Amino acid sequence: FPFFFVQIISSLFDQIFITRKEMREVLTIEVGQAGIQMGNAIWEQYCAEHGIDRTGQRKEANKNRDTSFKVFFEETESGQFVPRNIAVDLEPSVIDDVKNGPFASIFHPEYLLNGKEDAANNFARGHYSVGKPMLDRVMDKMRKLVERSDNVMGFQMAHSVGGGTGSGLGASILERLTVDYRKIPKLGFEVYPSPNLSTCVVEPYNALLATHSLLENTDVSFVLDNEALYGICQKQLRIQKPDFDNLNRLIAKVISSVTASIRFSGELSVDVADFLTNLVPFPRLHFMTTGMSPIIPKMNVSMIPVDVHKITDDCFKPQNWFVKFTEFDPDEDRYMAISLSYRGNIQPRDSSNAIQWLKDNNKIRLVEWCPTGFKVGLNDVPAATLESDDIAAFDKNAVMIANNTAISRVFTKRIAQKFDLMYSQRAFVHWFVGEGMEEGEFAEAREDLDCLSQEYLDTCSSCYSHFFFFFYKQNIVVVCAVMFVLTKCFDFFFELEIRS
């Protein structure tokens, strides 16, 4: 009897503690209009992939499937699955759209937070005056989510850095998360200003101040660009007048593939910590370029590639990237690290051959000090296709997340140059100073951005250091040999002159 009793206690111990240890959660935060609308598309994609209806109930056919999706969903006592998510905005209209939207039933109303006054496209209003009272409410709800979790794997934030709420309040939330949960990784999906499209006049100010905060308070930042997404919708998906819903559905496809290895059990899984370890060689250089393949409209289903080489190659073409670079040069713009997330029936041998084919054909150029450069994730479950999707259904796809030195031009040409033009006249500065912000923060953030750009240039210069050192040594030998020959010739002709 005592032995039987010990066995029962041991099994209960394993079920309680080992099971709890295996479950790790990811908590998401949506800030501002762009972040909340992006989040709506992401949660719709997640629900479709895990068989969850609009009421939060899981369909009978999916109940016995993998339960790893609970990383992002919390199951209530009634069997309803609720996202581990907080949505916050300083004005009520966007939150009201969520409460009255088709997926309103799956969100807990306690975690849909809104204020009464907008940030008015002003970083200082979101960070200091209007956003400060909202910050305590957000962190209180975040503590509740953390307490209801077993072991938080990481935080994910979706927001825009060009507006007021996404930049100002988003920076405040990230700063508090860094202080309260320093060891938990923080991933950000940031919509950055486009080269030619602009949503507000003071966008360079907001983006500069938000980037200054992101450098210290995020571990990985996925840079997204509306102009690049518009180009994909118009040129590849043949949508004449794309709207934000079209753009958000594209972003949802990428984010679902990035998190697929967390939500499904795969052959080669990628944890949140794996992104940090494999993609961030230096703490400040954590801004990522994202690409996806295939991107084919529904009317061209027959053109969907099935070859892994073709899918992988398309991921590295700039027209498939979600951020637009001016004058991208494959020879000069080097990759420091690359993560490839495959979905569908793709074998490890096929992915390895595709990567080796890229290297052999000089499709990519890695920095000299990182010869391996690739992190690969494989997942058998393909991305779900929704009725509202503009992209064709595919059995295989790949998402590239790359740390490329070309991302520095996003900061120099889109933010720094435009900021310098406006700040040279001190235009619009009084609106920021009037909300409690010190003018010296502009100079501090601008200097920090210069340092970031220089750090990216230094990684490229180090790539050529070995070559220049070798070239220098070879030149020394050549110069010495030439000098020796010239000296002998001079001595010979000098002796002839003396004899004559």
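Would you work out if the stretch 131-269 is rounded, prolate or oblate? Take a ≥ b ≥ c from the square roots of the eigenvalues of the alpha-carbon gyration tensor; rounded if a/c is under 1.5, else prolate when a/b is larger than b/c, oblate otherwise.
oblate
Apply the a/c threshold of 1.5 to the C-alpha gyration tensor of the stretch 114-194 and tell me whether it is rounded, prolate or oblate. Working shown, then result.
Details: a/c = 2.39, a/b = 1.48, b/c = 1.62.
Oblate, because a/c is 1.5 or more while a/b does not exceed b/c.
Highest mean first, how do 316-322, 40-46 rank when packing is the count of other Cβ atoms within 10 Å averaged over residues? Please report the intermediate quantities before stating the final value.
Details: 316-322: 18.6, 40-46: 23.6.
So the peptides 316-322, 40-46, ranked by packing, come out 40-46, 316-322.
Expressed as an acute angle from 0 to 90° and rounded to the nearest 10, what is the orientation of the C-alpha long axis of helix 131-147 relative to the principal long axis of the chain?
For helix 131-147, the angle is close to 70 degrees.
Roughly how far apart, in whole Å, are the Cα centres of the stretch 209-281 and the stretch 416-436?
Centre-to-centre distance over Cα atoms comes out at 30 Å.
Report the residues of the stretch 382-397 in range of a label on N345: point 7 Å along Cα→C-beta, backbone N strictly under 20 Å from it.
Residues 382-385, 392-397 fall inside that zone.
Looking at the chain only, what percent of DSSP beta bridges run antiparallel? Nearest 5 please. Working shown, then result.
Working: 20 of 54 bridges.
Counting only bridges with both partners in the chain, antiparallel ones make up about 35 percent.
Per-residue counts of other Cβ atoms within 10 Å, averaged by peptide: what ranking do you get for 369-376, 413-420, highest first?
The packing order, highest mean first, is 413-420, 369-376.
If you split all Cα-Cα distances of the stretch 23-412 into 20 Å bins from zero, what percentages do you get per bin, shortest first?
29, 62, 9
Compute the accessible area per residue over the chain, keeping the other protein chains in place, probe 1.4 Å, unit Å².
47 Å²
Each label point is 7 Å from the Cα along the Cα-to-Cβ direction; what then is the distance between the points at K310 and E368, in nm?
Once both label points are built, they end up 3.8 nm from each other.
When only Cα pairs under 8 Å and 6 or more residues apart are kept, what is the percent relative contact order across the chain?
Relative contact order for the chain comes out at 15 percent.
Once the piece of chain linking V82 and T55 is laid out straight, how much longer is it, given 0.36 nm per residue of separation minus the C-alpha distance between them? Walk me through the intermediate numbers first.
Numbers: separation 27, 0.36 × 27 = 9.72 nm, distance 0.93 nm.
So the chain would gain 8.8 nm between V82 and T55.
Quick check: the angle from helix 32-50's long axis to the longest principal axis of the chain, C-alpha only, nearest 10 degrees?
With rounding to tens, the tilt is 70 degrees.
Using a Förster distance of 25 angstrom, determine the FRET efficiency expected from the C-beta separation of Q454 and E327, and round it to 0.05.
Result of the calculation: an efficiency of 0.80.
Among DSSP bridges having both ends in the stretch 333-471, what percentage is antiparallel? Round to the nearest 5.
Of the beta bridges lying entirely in the stretch 333-471, close to 55 percent run antiparallel.
Ignoring ligands, DNA and RNA, what percent of the accessible area of the chain is carbon or sulfur (1.4 Å)?
That share works out to 56 percent.
Can you tell me what the convex hull of the Cα atoms of the stretch 208-356 projects to on average, as an area in nm²?
Answer in nm², one decimal: 10.5.
Restricting to DSSP H runs of at least four residues, report the calculated mean residue ellipticity at 222 nm for the chain, -39500 (n - 2.57) per run over all residues, nearest 500 deg cm²/dmol. Before the final figure, lay out each step's value.
Details: 16 runs with 212 residues, N = 500.
Per the formula, -13500 deg cm²/dmol.
In nanometres, what is the gap between the two model label sites at E447 and A273, each 7 Å from Cα along Cα-to-Cβ?
If labels sit at E447 and A273, their model points lie 3.6 nm apart.
Which FRET efficiency value, to the nearest 0.05, do you get for E75 and L421 by plugging their Cβ-Cβ distance into 1/(1 + (r/R0)^6) with R0 = 45 Å? Spell out each step's value before the answer.
Numbers: r = 53 Å, r/R0 = 1.17.
Taking R0 as 45 Å, the efficiency between E75 and L421 is 0.30.
Any idea how far apart K144 and V179 come out in nm if each label point goes 7 Å out from Cα toward Cβ?
Reported label-point gap for K144 and V179 is 2.2 nm.
The values are calculated or read from the model by the stated rules, or taken from the named source; none is laboratory data. Everything numeric here is computed off the predicted structure, so don't read it as measured data. As a convention, Cβ positions derive from the backbone with ideal geometry for all residues, glycine included, and neighbour counts pool all protein chains shown. Side chains are part of the model used for accessible areas, which takes the heavy atoms of the whole protein and leaves out ligands, DNA and RNA. Shrake-Rupley method; radii C 1.70, N 1.55, O 1.52, S 1.80 Å.
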